[in-house]
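What follows is a single structure, written as structure tokens, with notes after it.
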Amino acid sequence: MIAVGVPSLHSRGLIFNTVTQESYMAFHLLVLTVMLIFGVTVVLIGRKLDTAEKRRRMRLFLIIVTVALRAIRYPIDATVDVFTWDALFSLHVCHINLVLLVICLLKPGDFLFNYVFLIGIPMGLASGIFPGDITTDAPFLMLRGGLFVITHLLMVIAAIYLAIVEHMRPTWRRLKQLYLIATVQVALTYVVNRLLGTNFLYIMTPVPGTPIQTLSDWLGWPGYALAMVVIAYFQMLVTMLVSVGIEAIVKRART
């Protein structure tokens, strides 16, 4: 169900044709820094909102920003001839997480929150931090790459916002349920990939320039795919433990 990386930002064209790996890495670091500042700012503002209506408006703001920036990528991809219709109906976990996140922001619920928190946070961080290889001839490279990283990190920010501002908490019971759901999702996605020749969840072939490629080099297939699932489950557990640990520290500080 979960991959620890994202597709390579590779296409052809003339715009940004002098971008180097080093310059893109610097840009990537800048984007990460800006998103960190944005996330902290959103949470701090949210903490000061004193009515349910104001908090609802902030959640709507997060929905609009995340969906709008995600949607901008489609016309850009179409312009440079890398758009495919299956991208609109992708079974990749981050796409599924985005849909569930929007629903949860509109009407916060326990199960949806646990999904976007325990699955969305580690997967969003992995996608934002390890966006894969780039090429020096990719058009709109900075814009496409920046939007990719930003939209994945926005999902992380929104989940943390729900936890801190809306006081929602992940639970061990939901974690167990998500393990079962994730296992079923991986199995069904594998069947879809075999039938349609797709590579949803990147369990058929690895993504160049990401930790998935490294796993594939070490373990081959299906070893790397199974390792991805195990690592994803471990990431979910770590996310749960970090959340519990932070909450315990906060409670102790208040006593």
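Per-structure values
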quantity	calculated
Residue match in the stretch 209-230 (condition: part of a helix (DSSP H, G or I) and touching a strand residue (DSSP E or B) at 6+ places or on another chain (Cβ under 6 Å))	no
Boolean, Val192 is at pLDDT 95 or above and open to solvent by less than 50 Å² (accessible area, probe 1.4 Å)	no
Long-range neighbours under 7 Å by Cβ, at least six apart or interchain, first residue over 17 Å from Leu98 (Cβ atoms) and open to solvent by less than 50 Å² (accessible area, probe 1.4 Å) within the stretch 60-87, second at pLDDT below 90 and among the charged types (D, E, K, R)	Ile76/Arg144
Val250, sole failed condition from (1) over 17 Å from the mean Cα position of the chain (by Cα); (2) surrounded by 12 or more Cβ atoms within 10 Å (Cβ to Cβ); (3) in a helix (DSSP H, G or I)	(2)
Evaluation of Pro211 against (1) touching a Gly at 6+ places or on another chain (Cβ under 7 Å); (2) open to solvent by less than 20 Å² (accessible area, probe 1.4 Å) (one fails), failing number	(2)
Residues (modelled with pLDDT of 95 or more, surrounded by 22 or more Cβ atoms within 10 Å (Cβ to Cβ) and hydroxyl-bearing (Ser, Thr, Tyr)) located in the stretch 118-175	Tyr161
Cβ pairs under 8 Å, 6+ apart, first in the stretch 225-248 and more than 24 Å from Pro206 (Cα to Cα) and among the aliphatic types (A, V, I, L, M), second part of a helix (DSSP H, G or I) and open to solvent by 20 Å² or more (accessible area, probe 1.4 Å)	Met240/Trp172
Residues located in the stretch 23-41, provided they are β-branched (Val, Ile, Thr) and in contact with a helix residue (DSSP H, G or I) (Cβ under 6 Å, 6 or more places away or on another chain)	Val31
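The values are calculated or read from the model by the stated rules, or taken from the named source; none is laboratory data. These figures come from a predicted structure and were not determined experimentally. In this analysis, Cβ positions are derived from the backbone assuming ideal geometry, glycine residues included, and neighbour counts consider all displayed protein chains. Just so you know, the surface numbers come from the protein's heavy atoms only, side chains and all, with ligands and any DNA or RNA stripped out. Shrake-Rupley method; radii C 1.70, N 1.55, O 1.52, S 1.80 Å.
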